[in-house]
Every structure is written in structure tokens, then in C-alpha cells.
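Engineer: Have a look at the structure that comes next, please.
The values are calculated or read from the model by the stated rules, or taken from the named source; none is laboratory data. Please read these numbers as outputs of a predicted model, since none were measured by experiment. Ideal geometry is used to build each Cβ from the backbone, glycine not excepted, and the neighbour counts take in all protein chains shown.
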Amino acid sequence: MGNLRLLLTAGAMLGLAIGSANAARLMGQPGNTNSPTGTGIVTDAAGFQENGSPYTGGQGQGETESQVPFSAAPAPGTVNFRLNSFVNEFPMYTWFSGMNGNGTPASNAGNKIQGYGIYGWIRFEMGIDGMTNSGIRYGSYFQIRENNTTALTGNPTYTSTGGLTSNFAQSASADSSDNILYVRHANAYIGTDQAGLLRIGTGLGAMTLFELGLFDDFDIGGWISFASSNIPSNMVPIWPFADEGGEYMAARVMYVSPVIYGFDGGIAFAPNNSGPFDGSGCTSAFGGVGCATQSSSNSAQDLTRYRNELGIALRYRNAFGPIGLAVSGIYTVSGVVNPGPNVTGSGGAVGAGTPATTASGIRYNGLNIGDIGGIVSINKVVDIGANVMWGAFNGNWGLQPKPNGLQTSTTTAIGWTAGVKYNIPSAPVTLGTYYFNYKNQGQPGIPTQRVYQGLDVGATYGMGPGVVLVAEYAWGQNYQGDYDFLTGATGTSAGNKVQAQVLTAGISVRF
């Protein structure tokens with residue numbers, strides 16, 4: 001009887017939310033001009049073309065406004081219910097260097113990697129936007145994703161280059177691994193149209209929400225997406241920009257302003273790089289990987305994590321006759337996890353104030369990143385843009401290593417990308433391409449710097465309501481002197497440069 005009452009209560013609440021909602025707010029339904037898939041291409045309020053992206057769900061106008069929904073204001077005393085789900089499936093062929101024939105890395109003694117397969121994933125998003133009779137806005141947003149690699153077990157692992165990865169353990173069944181679901185975004189907000197919104201939880205930070213000119217928003221996404229394909233990770237060029245996920249997964253408090261004469265902006269603060277309060281991984285000794293809330297640690301691996309991240313952004317968007325213009329400037333800074341009195345590692349103990357001389361004694365600077373981007377739209381058909389990101393960081397949203405061993409200076413990272421899109425709304429078809437180049441320290445402790453670069457060319461066709469066909473080709477290259485990408489060895493001239501290529505075509509079905 002208790003379960004029946006619970007079911008009836010849940011049904012009544014859902015019915016109230018849907019019944020009092022504007023039906024046009026349901027993603028993919030007629031009348032919703034913010035839907036990224038109804039015709040394949042939509043136009044935002046500033047006159048820019050936005051495209052249904054199988055990877056990002058219309059990132060830029062689609063996903064960002066579904067999380068900071070200024071365009072989704074309900075009537076006073078009502079609630080809007082938003083739902084978006086999609087399935088993406090792409091036959092894919094890849095090839096990469098370090099191979100004999102089709103898939104034999106030189107370091108793997110004849111073990112082969114199959115160069116072809118099926119690449120796919122699902123997403124499920126839900127949002128509720130309400131307004132009180134007095135005009136106060138409130139709501140929530142969350143996204144559920146499919147783990148399409150290995151089972152989600154174990155604690156976080158922090159790499160030697162400052163990146164945050166996951167210590168996944170393969171389960172007994174590949175199918176069960178693929179069927180595990182997890183939450184990627186989860187936040188709630190409150191505010192008014194006049195004063196702006198305050199958002200709490202995981203989701204887009206200042207850099208991710210406001211950066212412009214990336215051009216990874218219409219096909220699968222290029223190297224932002226192919227890092228999780230069947231190409232070995234050491235062959236994949238790292239996409240440095242914030243929409244990769246290293247920035248937006250931290251739980252934070254963020255204020256987003258209303259749009260005033262084309263200007264809007266935001267300020268965000270994240271206590272650490274974990275999700276909602278994650279102290280449960282800490283033991284009584286407060287040490288070891290997995291204690292994401294530590295401010296100091298005796299474990300060298302913990303020192304790769306940022307904390308107290310602050311991001312500030314300003315953006316301007318407007319249309320001048322047939323010309324649309326959007327520019328943004330963003331600045332992000334953070335602290336670091338400080339060394340404890342007895343930091344240990346394979347090289348032995350290193351005191352808090354002692355210069356590090358072993359790999360285990362690498363120290364890191366806090367994030368200190370600037371970002372400028374822009375897009376020019378011509379007749380709502382051609383979009384041209386670029387973005388540059390520079391400062392103290394390494395890999396994707398990892399910390400910059402301080403000089404160590406043969407590394408005699410600190411490398412200022414700089415990543416830039418430029419692209420163009422050609423939209424044919426009557427088809428509807430989008431053709432696009434971008435190139436990016438990213439210089440950073442890469443492997444710390446050696447005198448050379450790492451350079452990633454990549455090219456992406458793609459096309460999308462909106463075949464009908466909720467369905468987009470995609471074709472895409474990508475080329476990428478990694479280079480760092482004195483570092484062997486095939487074996488991980490340093491101080492060698494072998495394997496300093498590797499390349500990878502991807503060719504794929506498939507379908508994205510969305511509602």
C-alpha cells in the first residue's frame with residue numbers, strides 16, 4: 001500500500017509539472033525555437049545559426065541555455081518541464097602510427113588493435129524551470145550518461161601530467177559495463193530575470209559557459225569526442241578547451257547575469273575539483289588517492305589537483321543587419337593541494353619546502369588561464385571564428401608542473417583553434433572544419449615541450465524532426481622531443497611523434 005501511495009504521489013507531481021508547463025518547452029516539439037534538432041539547424045536570439053550536435057546536444061545555444069535557461073521563463077505560478085534524450089550510433093574506422101599493418105603497436109609484441117567498430121552512446125537530460133507568483137525563477141537540471149567503456153569502479157586517479165582520470169576496473173561482462181548509467185551534470189538555480197541567476201552544483205563553469213569560437217558543436221565534435229574511440233590514448237591529441245569536461249565536472253557556485261545591451265557574464269567558484277561534497281573517500285589518515293577534499297597531503301598524487309578555482313567571464317553578442325558578432329573574455333585562477341610535511345613516492349620523502357629532484361617530487365602551479373574567443377556570422381549562413389587559451393595549465397585542465405630535473409623553466413601553455421561553418425538552412429545541411437594547435441609541457445621533468453594539433457572536417461544533415469545524419473574525418477598529431485609516446489620512456493629519440501586518423505558516418509536520433 002505504501003508503494004502504491006508513493007507511485008500515485010510521483011504521478012501526481014509529474015502530471016502537475018507537465019500540465020502547468022508550456023508544451024512548446026518539451027525538447028524537439030513544434031514551437032520550441034531552442035530545440036537543436038527539430039529541423040537540424042535553428043537560429044538563436046542574436047541571429048547566429050546553431051546546429052544539432054550528436055556529441056554536445058547543441059552546445060552553445062542548446063546545452064548552455066538548458067542549464068542557464070534565460071530563454072525558458074515560465075509564466076508566474078507555473079513550471080516548465082524539459083526533456084531531451086538521444087541515441088547516437090556511428091560505424092567508425094581508425095588508423096594510427098606505431099602500427100604494423102592495421103593495429104600492432106611496436107611496444108606490444110604483435111598484439112593487435114582492430115581498426116574498425118561501432119561507436120555510440122546515449123544521453124538523457126531533464127530540467128524543471130519554475131516561477132513564483134512574485135517573479136522569482138527557480139529550477140534544476142541533470143544529465144544522465146552511459147558508460148560506454150568499462151565498469152565504473154574504484155577511486156579517481158591523478159596522472160603525472162596533472163590530469164584527472166578514473167580508475168575503472170573492467171567487469172566480467174562488456175554488456176553490463178556499457179549499461180551502467182551515471183550523472184554528468186546536476187544543479188539547481190534560483191534568481192530573477194532582472195538580477196540574474198545563482199546556480200549550485202556540477203555543470204558548466206565560467207570558461208565552459210562563455211567561451212566562443214571552438215567550432216566543435218555541429219558534428220560528433222572531432223578530437224573532443226574521439227579521445228574515447230578505439231584509438232590508444234597515447235595517440236590522441238588532447239583538446240585543451242574547457243568544454244572537454246575537466247572544468248565543468250567540479251561542483252561550484254556560479255552567478256550568471258542577465259543580458260544587458262548584448263552583454264552578459266558570470267563568476268564561478270569551486271572549492272575543489274570533485275563533484276558534490278566528496279569527503280567520504282577520506283580515511284582517518286586523510287591520505288591517498290580518493291580524498292578529493294584535502295587541502296594538503298602527504299601523497300604526491302594528490303598534489304596534481306586544483307582547489308579554490310575562481311572563474312570570471314564577460315561576453316557580448318549582437319546582430320548588425322546581416323552581420324552577427326559574438327566575443328568573450330574569460331579568466332580562471334586556482335590554488336593547489338599543498339604538500340604535507342612528508343610527501344612520499346617512489347623517490348622517497350620530499351619535505352614541503354625542499355626542491356623536488358625525482359619524478360615523485362614534482363610540484364605544480366595553480367591554474368592561471370586567460371581565454372579570448374569570437375565568432376562572426378554572415379547572412380546567418382557562414383560562421384567564422386577562433387579562440388585562444390593561454391597560461392598556467394597542462395593537458396586538459398591539468399596543473400602546470402614546476403621545473404623539475406632537466407626541465408629548467410616553466411612552460412606557458414597556449415592553445416588556439418580556428419574554424420568555419422557553412423549552413424544551408426533550406427536543406428538543412430551544415431559543412432564545417434576547424435584546426436587546433438596546443439603547446440604545453442606534457443611530460444614533466446624533461447627539457448622539451450609537447451605539441452598537440454588536430455584537424456576536423458564534418459557534415460550534418462537534418463533528415464527530419466529529431467534525426468541528424470553525420471559524416472566526419474579527423475587527423476591528429478602528438479609531438480614531444482625526448483619522449484616516446486609508444487613506451488612512455490624519456491630521454492630517447494624514438495617515438496617522439498605519433499599520428500591518428502578517424503573516418504566515421506552515422507545517425508543521431510533525438511527527442
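Engineer: Give just the number: which of (1) small (Gly, Ala, Ser); (2) buried (at least 21 other Cβ atoms within 10 Å of the Cβ); (3) at pLDDT 95 or above does GLY329 not satisfy?
Structural biologist: (2)
Engineer: Which one is farthest from the chain's Cα centre (by Cα), of the residues in the stretch 251-285 that are modelled with pLDDT of 85 or more and more than 21 Å from ARG315 (Cβ to Cβ)?
Structural biologist: PRO271
Engineer: Continuing with the same structure: Looking at the structure I just gave you, is LYS380 closer than 30 Å to ILE507 by Cα, assigned to a loop (DSSP other than H, G, I, E, B) and touching a residue at least 60 places away in the same chain (Cβ under 8 Å)?
Structural biologist: yes
Engineer: Let me ask something else about it. State the number of residues belonging to the stretch 484-511 that are loosely packed, with under 15 Cβ neighbours inside 10 Å, of a type outside the set (Val, Ile, Thr) and without any contact (Cβ under 8 Å) to a residue 60 or more places away in the chain.
Structural biologist: The qualifying residues number 4.
Engineer: Is it the case that the stretch 420-437 has a residue that's among the aliphatic types (A, V, I, L, M), touching a residue at least 60 places away in the same chain (Cβ under 8 Å) and closer than 19 Å to LEU214 by Cβ?
Structural biologist: Within the stretch 420-437, one or more residues are among the aliphatic types (A, V, I, L, M), touching a residue at least 60 places away in the same chain (Cβ under 8 Å) and closer than 19 Å to LEU214 by Cβ.
Engineer: Let me spell it out: the conditions are (1) crowded, with 19+ Cβ neighbours inside 10 Å; (2) under 30 Å from PHE218 (Cα atoms), and GLN480 meets all of them except one. Which number is the exception?
Structural biologist: Every listed condition holds for GLN480 apart from (2).
Engineer: Would you mind telling me which numbered condition in (1) at pLDDT 85 or above; (2) assigned to a loop (DSSP other than H, G, I, E, B); (3) out of contact with any helix residue (DSSP H, G or I) (no Cβ under 9 Å at 6 or more places or on another chain) GLY201 fails?
Structural biologist: Failed condition: (2).
Each row is one residue, and each column tells you yes or no for (1) at pLDDT 60 or above; (2) in contact with a His (Cβ under 8 Å, 6 or more places away or on another chain); (3) part of a loop (DSSP other than H, G, I, E, B).
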position	(1), (2), (3)
SER66	no, no, no
ASN84	yes, no, no
VAL87	yes, no, no
ASN100	no, no, yes
MET126	yes, no, no
ASP129	yes, no, no
ASN133	yes, no, yes
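Engineer: Out of the residues in the stretch 455-469 meeting the condition of being among the hydrophobic types (A, V, I, L, M, F, W, C) and in contact with an Asp or Glu (Cβ under 9 Å, 6 or more places away or on another chain), tell me which one is surrounded by the most Cβ atoms within 10 Å (Cβ to Cβ).
Structural biologist: ALA459
Engineer: Here is a follow-up. Are any of the residues in the stretch 402-418 closer than 19 Å to TYR483 by Cβ, of a type in the set (A, V, I, L, M), out of contact with any His (no Cβ under 8 Å at 6 or more places or on another chain) and not in a strand (DSSP E or B)?
Structural biologist: Looking through the stretch 402-418, at least one residue is closer than 19 Å to TYR483 by Cβ, of a type in the set (A, V, I, L, M), out of contact with any His (no Cβ under 8 Å at 6 or more places or on another chain) and not in a strand (DSSP E or B).
Engineer: Then there's this: Being more than 30 Å from THR192 (Cβ to Cβ) and not in a strand (DSSP E or B), is that true of even one residue in the stretch 245-262?
Structural biologist: The answer is yes; a qualifying residue exists.
Engineer: ASP217: charged (D, E, K, R) and surrounded by 24 or more Cβ atoms within 10 Å (Cβ to Cβ), yes or no?
Structural biologist: Taking the combined requirement at face value, the residue satisfies it.
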